[in-house]
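Scroll down for the structure; my scribbles are underneath it.
Derivation of every value follows stated rules applied to the coordinates shown; laboratory data play no part. All values derive from a computational prediction rather than experimental measurement. Glycine also receives a Cβ, built like all others from the backbone with ideal geometry; neighbour counts cover every protein chain displayed.
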Amino acid sequence: MNPFKFFTPTINFLTSKGHNIQILCLSTGGAEGKGNIRKRELFQACVTLKVPMQQVKIVDHPDLQDGFGKVWNRSLLAKIIEEEITNCSIDMIITFDFYGVSGHCNHRDVHYGVWFRKLFVALSSYTYMNTLRKVR
């Protein structure tokens, strides 16, 4: 199952309102050897959702391999996410809730990786509003 579909309604709404969308996928989805299938699914979904390919990034890090029981390092996630925020001038983050999709451990790690940055968030111009959003 590709969890990207759970973000589709939000992406559709934001693009319909003219927001510039950046997609950061923190794994190739390679569990069970399906990495190439998952990447292709993500790119096809982005075409359908009118998200330009240059605004889609898939991370293929050896410590962020997809699969139940594969715990991801939250500080590594936070570092990667923070780099993307800086490099792409991100002003809102939409991610999994603390349970993820069906309790998937990687989804949960992403959620906590975002919140691992809590000190940075507290000292920056971001605030919590169901997502992380930069206050202007």
>> Using a Förster radius of 25 Å, what is the FRET efficiency between I37 and K79 based on their Cβ-Cβ separation? Nearest 0.05, please.
In response: 0.35
> How much length is gained if the chain between N20 and M92 is pulled fully straight, taking 0.36 nm per residue apart and subtracting their Cα-Cα distance, in nm to one decimal?
Replying inline: 24.9 nm
> Whole-Hz Karplus ³J(HN,Hα) for the stretch 9-25, in order, using 6.51 cos²θ - 1.76 cosθ + 1.60 and θ = phi - 60°, x for Gly and Pro?
Replying inline: x, 5, 5, 4, 4, 5, 5, 5, 9, x, 6, 8, 9, 10, 10, 10, 9
>> Please report the net charge: other residues with Cβ closer than 13 Å to the Cβ of Q44, K and R +1, D and E -1.
In response: +4
>> Check which residues have an amide H placed less than 5 Å from M92's amide H, if you skip close sequence neighbours.
In response: K134
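Please find the FRET efficiency linking N12 to M53, where r is the Cβ-Cβ separation and R0 is fixed at 22 Å, and quote it to the nearest 0.05. If you can, show how the numbers build up before the last one.
Details: r = 18 Å, r/R0 = 0.81.
FRET efficiency, N12 to M53: 0.80.
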>> Amide H of L26 versus every other amide H placed in the peptide plane: which residues, excluding those fewer than 5 positions away on the same chain, fall under 5 Å?
In response: V59
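Looking at the stretch 1-78, which chymotrypsin sites (Phe, Trp or Tyr not before Pro) are in a loop (DSSP not H, G, I, E or B) and have at most 14 other Cβ atoms within 10 Å? List each step's numbers first, then the result.
Values: sites: F4, F6, F7, F13, F43, F68, W72; in loops: F68, W72.
Those satisfying the criteria are F68.
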